[in-house]
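Taking it in order: structure first as structure tokens, then the write-up.
What follows draws every value from the coordinates through simple rules; no lab data is involved. Every value quoted in this text rests on a predicted model; they were computed, and no experiment measured them. Neighbour counts are summed over all protein chains in view; Cβ atoms, including those assigned to glycine, are modelled from backbone coordinates with ideal geometry.
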Amino acid sequence: MATVESNPRCPVCGYDLDFTPWKGESAADEMCPCCGIQFGYDDFAGGQPELRPRIYAQWRDKWMREGMRWSSRGIEPPPGWNAAEQLRRIQT
Amino acid sequence: MNFLPTLTKIRLCLLPLAVFLAVTIFAPSATFAYDRHNQVKLTYDSSRESAFLGYDVGSMLARGDMENGIAGDRVRFFKFGELLAAKGATHWANPKTLADHFGRHGADFGAKSADDYARTASDFFRRSQAERLPTKIAPDGTIRVYDPKNNIFGSYNPSGTTKTFYKPDPAQHKLPSNLDYWNKQPGASPWQP
């Protein structure tokens, strides 16, 4: 299973987060401003961390189907934000 | 005193009032708790809102440093939630994320605005500690609270600011019940020895 503890990058969309999604068993309880997943809730996966990658893949598919739109209403996307290019960072 | 001019008498009478006003108006607003285990006085500086000077009380609770029968001090610590509520401020940890949390969870509480939602979250934290609702303090200091009767979940920083606030739904967390979701949250209860 790919760890997300030491890499503050969203495992769904590849956005560089300003928080760590999970510190051990404790989630950030925050949302990715790009794809909107809430760590600790949407990816709780019944308390089984090994099932999170499947949740992330499902969320990513849904986000892509809906046009890879910026999710946050309070945080602006970075200048020149390119969703497809960002997504490639976690798919390569 | 009869030989003093009337004006001087008036000045002398007003002096204590002036001193009282100076102290109450210009003194920094702060509250204190005392950690007997570490012999440290904790200071909450309301002007900084998030600062317990010199001490991270949430981490201290997580380490068990306040487990020496000093429930009174713990209660005093949590009284700072009352200070936040009394000020009527929102006290959301990151104001930039408030719109997103409100957008997704505000309807859970019938909140009319983001500020209303944030205030409800802070009020819940204060009430939860006064009523000793189920509380867990995770190793990273995050304080999570759950009201099983009304299915309300809140996550707070050690400073008391809100991270998130919602009514859990099994469709999201993938557990059979919301109580299971609470039971799987990490950390220890501050209410148990």
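Net charge in the neighbourhood of A:I90 (other residues with Cβ under 10 Å of its Cβ; Lys, Arg +1, Asp, Glu -1) is +4. Spin-label model, B:K167 to A:K62: label points 7 Å out along the Cα-to-beta-carbon direction sit 1.9 nm apart.
Neighbour counting of Cβ atoms within 10 Å sorts the residues B:T8, B:T120, B:T162, fewest neighbours leading, into B:T8, B:T120, B:T162.
The label-point distance for B:L179 and B:W191, in a model that sets each label 7 Å from Cα toward Cβ, rounds to 1.4 nm.
Take the Cβ atoms of B:A130 and A:R73, set R0 to 51 Å, and the FRET efficiency comes out at 0.95.
If R0 equals 51 Å, the separation of the Cβ atoms of A:Q91 and B:A107 corresponds to a calculated FRET efficiency of about 0.90.
Evaluated at q = 0.11, 0.14, 0.15, 0.21 Å⁻¹, the base-10 log of the normalised Debye intensity for the stretch B:82-174, with identical point scatterers placed on the Cα atoms, takes the values -0.28, -0.46, -0.53, -1.07.
The coefficient of translational diffusion for chain A, derived via Stokes-Einstein from the alpha carbon Kirkwood radius under 25 °C and 0.890 mPa s, stands at 185 µm²/s.
Peptide B:99-111 shows a mean partner chain C-beta count of 3 within 10 Å per residue C-beta.
So, in nm, how far is label A:D16 from label A:Q48 when the simple model puts each one 7 Å beyond its Cα toward the Cβ? If labels sit at A:D16 and A:Q48, their model points lie 3.6 nm apart.
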